[in-house]
Amino acid sequence: MSAFSLENRDGETVLCIEGDWTVATIAPLERDLLRSVARQSANSVDVSALQAFDTAGALLVHKALTTTSETDAAPYGIQGEHAGAEALLEIVARRELSPETQPHRPKNFIDVLARIGEGAVEFCSETIETLSFIGEALLTTLKLVVQPHKIRWTSVVAIMEEAGLEALPIVSFLSFFVGMVIAFIGATMLQQTLGATVFTVELVGWAMMREFGVVLTGILLAGRTNSSFTAQIGSMKMRQEVDAMQTLGIDPIEALVTPRILAMMVMTPLLTFAATLSGMLGGLMISWVALDISPILFITRIQDIVVIQNFWVGLSKAPIFAMIVALIACRQGLQVRGDVQSLGRATTASVVHAIFLIIVADALFAMMYMELGI
């Protein structure tokens with residue numbers, strides 16, 4: 001039970017509280033307490049008869065005694081003795097202090113330059129830290145590859161199943177429909193310009209082998225697997241499991257990052273292969289149904305005109321995309337602090353950074369292969 005009373009002692013009104021003042025007991029008292037204290041302007045609290053006390057009770061007492069005050073500070077006195085009452089009231093009073101409001105002024109050119117400078121400094125710092133993490137992760141991975149008995153193969157296989165096999169349906173279905181779209185658009189364009197829809201076969205083959213198969217795989221992994229890796233490692237960081245690993249002498253890079261790099265390096269080329277086949281199958285279906293190009297003719301033209309070199313060009317990008325997905329995800333996961341908001345920001349940043357770097361890497365590959373004449 002919780003109760004209160006107001007007494008006049010030496011010319012001042014004292015709020016006397018007794019019983020349990022916790023979140024489970026104070027709700028029925030709140031309205032009467034605030035009204036009574038405001039009417040009599042109590043400026044002290046007696047905690048002699050107080051028993052259980054938590055921050056909810058402290059907040060109610062503080063709110064009642066500062067209702068008539070011009071500030072949110074604690075101008076009231078505390079009478080009597082209690083194990084934690086004074087400390088809780090001080091904590092609540094300190095939290096309730098209103099920050100000084102800065103006078104609003106319009107933004108000027110200096111503020112814009114300051115904002116740009118802060119962004120540039122943050123970008124440079126993040127770039128340096130990311131490159132440092134990438135170097136450390138790759139060095140650790142190379143050391144473990146040389147000593148394969150130290151690799152956590154159970155983790156590698158589990159991640160291969162989670163990030164590879166479970167992603168196969170969505171990668172295949174999306175690539176299938178993208179192949180259909182390429183065939184539709186290519187047939188329409190070729191009919192209008194050249195009057196020969198048969199070249200749709202070459203368009204589908206080139207697009208899926210060189211670009212769309214691997215790029216779609218990378219983007220889907222960045223959205224699906226990347227966020228999963230970041231959330232997993234971030235949750236471990238929030239629960240202090242990573243700190244526990246370091247205390248036990250276990251390297252988090254070796255235990256968390258390397259298995260994900262190895263698993264993605266194996267599964268991304270396989271998913272790219274599946275995506276390429278699915279996209280070409282989608283193009284074959286549209287060519288057969290809408291363009292009257294038989295599957296035999298489609299496969300024959302693919303074999304005769306679209307050389308296998310295009311497939312290897314696309315597949316060569318898969319390991320780089322795999323490293324981007326794994327490294328960015330692990331880097332952001334290890335950056336998580338102790339709150340859920342930090343985890344949400346890291347997951348969002350992980351997906352955005354991975355997709356951005358995949359597109360940039362694909363553009364660099366395209367320019368490099370163009371210069372090489374491949």
- Task: Compute the projected area of the convex hull of the Cα atoms of the stretch 157-300, averaged over all viewing directions, and report it in nm² to one decimal place.
- Result: 9.8
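I need the shape label for the stretch 314-353. Rule: rounded when a/c is under 1.5, else prolate if a/b > b/c, else oblate, with a, b, c from the alpha carbon gyration tensor.
Since a/c reaches 1.5 and a/b is larger than b/c, the shape of the stretch 314-353 is classed as prolate.
Compute the length gained on full extension between L364 and R337: take 0.36 nm times their separation in residues and subtract their Cα-Cα distance, giving the result in nm to one decimal.
Working: separation 27, 0.36 × 27 = 9.72 nm, distance 3.41 nm.
Roughly 6.3 nm would be gained on extension.
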- Query: Hey, got the Cα dimensions of the stretch 11-56 along the principal axes, in Å, largest first?
  - Reply: 31, 23, 14
- Message: Could you report the chain's accessible area per residue, 1.4 Å probe, as an integer in Å²?
- Response: 55
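Stretch W312-S132 to full length: gain in nm at 0.36 nm per residue minus the Cα-Cα span? Don't jump to the answer; show the numbers that get you there.
Numbers: separation 180, 0.36 × 180 = 64.80 nm, distance 3.08 nm.
Between W312 and S132, full extension yields 61.7 nm more.
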- Global geometry of the stretch 142-242, whether rounded, prolate or oblate, following the gyration tensor of its Cα atoms and the 1.5 cut on a/c: prolate
- Scanning the chain for trypsin sites (Lys or Arg not before Pro) in DSSP loops with at most 15 other Cβ atoms within 10 Å, what's the longest stretch left with none? 108-238
- Message: Let me check the size of the stretch 230-374 from its C-alpha atoms; what are the radius of gyration and Dmax in Å?
- Response: 20.7, 67
- Counting only protein heavy atoms and leaving out ligands, DNA and RNA, the solvent-accessible surface of I299 at a 1.4 Å probe, in Å² to the nearest 10, equals 80
- Between T268, T230, T197, which gets the highest mean-square fluctuation from a Gaussian network model of the chain, Cα cutoff 10 Å? T197
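Counting pairwise Cα distances across the stretch 195-277, what percent come out greater than 21 angstrom?
Numbers: 1674 of 3403 pairs.
Cα-Cα pairs of the stretch 195-277 separated by over 21 Å account for 49 percent.
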- Query: Under the classification rounded if a/c is under 1.5, otherwise prolate if a/b is larger than b/c and oblate if not, where does the stretch 125-174 fall, given a ≥ b ≥ c as square roots of the Cα gyration tensor eigenvalues?
  - Reply: oblate
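Specify the longest stretch of the chain that does not include any exposed loop site, a site being one of the GluC sites (Glu not before Pro) with a non-H, G, I, E, B DSSP assignment and at most 11 other Cβ atoms within 10 Å.
Between the exposed loop sites, the longest stretch runs 101-374.
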- Message: In Å, what Kirkwood hydrodynamic radius results for the stretch 290-374 from the alpha-carbon pair distances?
- Response: 16.0
- Query: Got a number for carbon plus sulfur as a percent of the stretch 163-281's accessible area, 1.4 Å probe?
  - Reply: 73
- Message: In the chain, if the dipole is taken from +1 on Lys/Arg beta carbons and -1 on Asp/Glu beta carbons about the Cα centre, which of W21, V307, V157 is farthest to the positive end?
- Response: V307
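Compute the whole-percent fraction of alpha carbon pairs in the stretch 72-230 spaced more than 21 Å apart.
Numbers: 9570 of 12561 pairs.
So the portion of pairs separated by more than 21 Å is 76 percent.
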- Query: Toward the positive end of the charge dipole of the chain, about the Cα centre and with charges on Cβ (Lys, Arg +1; Asp, Glu -1), which of G179, G11, G344 goes farthest?
  - Reply: G179
- Query: Picking from L284, L34, T258, whose Cα lies most toward the positive end of the charge dipole for the chain (charges on Cβ: Lys, Arg +1; Asp, Glu -1)?
  - Reply: L284
- Spherically averaged projected area in nm², based on the convex hull that wraps the Cα atoms of the chain: 31.6
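Using only helices, what value at 222 nm comes out for the chain when you add -39,500 (n - 2.57) per DSSP H run of length 4 or more and divide by the total residues, to the nearest 500 deg cm²/dmol? Mind showing how you got there, number by number?
Values: 14 runs with 248 residues, N = 374.
Roughly -22500 deg cm²/dmol at 222 nm, from the helical runs in the chain.
The values are calculated or read from the model by the stated rules, or taken from the named source; none is laboratory data. As the structure is a computational prediction, the values presented were derived from the model and not from experiment. Here the Cβ is made from the backbone with ideal geometry for all residues, glycine too, and neighbour counts use every protein chain on show. The protein model used for the area step is the full one, side chains on, heavy atoms only, and it has no ligands, DNA or RNA in it. Shrake-Rupley method; radii C 1.70, N 1.55, O 1.52, S 1.80 Å.
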